[in-house]
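The next block holds one structure in the form of structure tokens; read it before the comments.
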Amino acid sequence: MNEQEAYEKARKRVEAKIGFYIHLGIYVGVNILLVVINLLTSREFLWFEFPLIGWGIGVLFHGLGVFVFWRESAIKERMIRKEMEKEAQKRS
């Protein structure tokens, strides 16, 4: 792996991590707002739990994808190389 390929892989990892942190920040901010709205308007029925749990599952899987299961798959690499070969053939 040359330096350019290493840089590209590192750049993709950083972008994935930043994307997760943005997702997490929006999740926290919006859900705080939903809790406040729910508690100010209707304390009898606590509906904020539904988006909190549903969206929380999405954030969990996003985090797992970024921090636990992150690997460039061999099939993805083959597909990229195949597309690059197609583009090279078009230019020839």
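Taken together, the values in this text are just the output of simple stated rules run on the coordinates, not laboratory data. As the structure is a prediction and not an experimental result, all values here were calculated from the model. Cβ: placed from backbone, ideal geometry, glycine included. Neighbour counts: every protein chain shown.
A full extension of the chain between Phe45 and Ile22 corresponds to an added length of 5.3 nm, given 0.36 nm per residue minus the alpha carbon distance.
Checking every one of the trypsin sites (Lys or Arg not before Pro) in the chain against DSSP loop status and a limit of 14 other Cβ atoms within 10 Å picks out Arg43, Arg71. Computed from Cα atoms, the angle from the helix 3-41 axis to the main principal axis of the chain rounds to 10 degrees.
Computed per residue of the chain from DSSP H runs no shorter than four, each worth -39500 (n - 2.57), the mean residue ellipticity at 222 nm is -27500 deg cm²/dmol. The GluC sites (Glu not before Pro) of the range 12-92 meeting both criteria, a DSSP state outside H, G, I, E and B (loop) and at most 11 other C-beta atoms within 10 angstrom of the site's C-beta, are Glu44, Glu72.
Using the Kirkwood formula over every pair of different C-alpha atoms, what hydrodynamic radius in Å results for the range 1-53?
Value: 13.6 Å, from the Cα pair sum.
Computed from Cα positions, the angle between helix 49-63 and the longest principal axis of the chain comes to roughly 20 degrees. Placing +1 on the Cβ of each Lys and Arg and -1 on the Cβ of each Asp and Glu in the chain, which of Gly56, Ser92, Leu24 has its Cα farthest towards the positive end of the resulting dipole? Sorting the options by dipole projection puts first Ser92. Using C-alpha pairs below 8 Å separated by at least 6 residues, the relative contact order for the chain is 32 percent.
For the chain, the Cβ-based charge dipole about the Cα centre amounts to some 360 debye (Lys, Arg positive; Asp, Glu negative; other atoms uncharged).
For the chain, place one equal point scatterer on every Cα, skip the solvent, and apply the Debye formula. What is log10 of I(q)/I(0) at q = 0.10, 0.14, 0.18 Å⁻¹? Values returned for q = 0.10, 0.14, 0.18 Å⁻¹ are -0.48, -0.71, -0.90.
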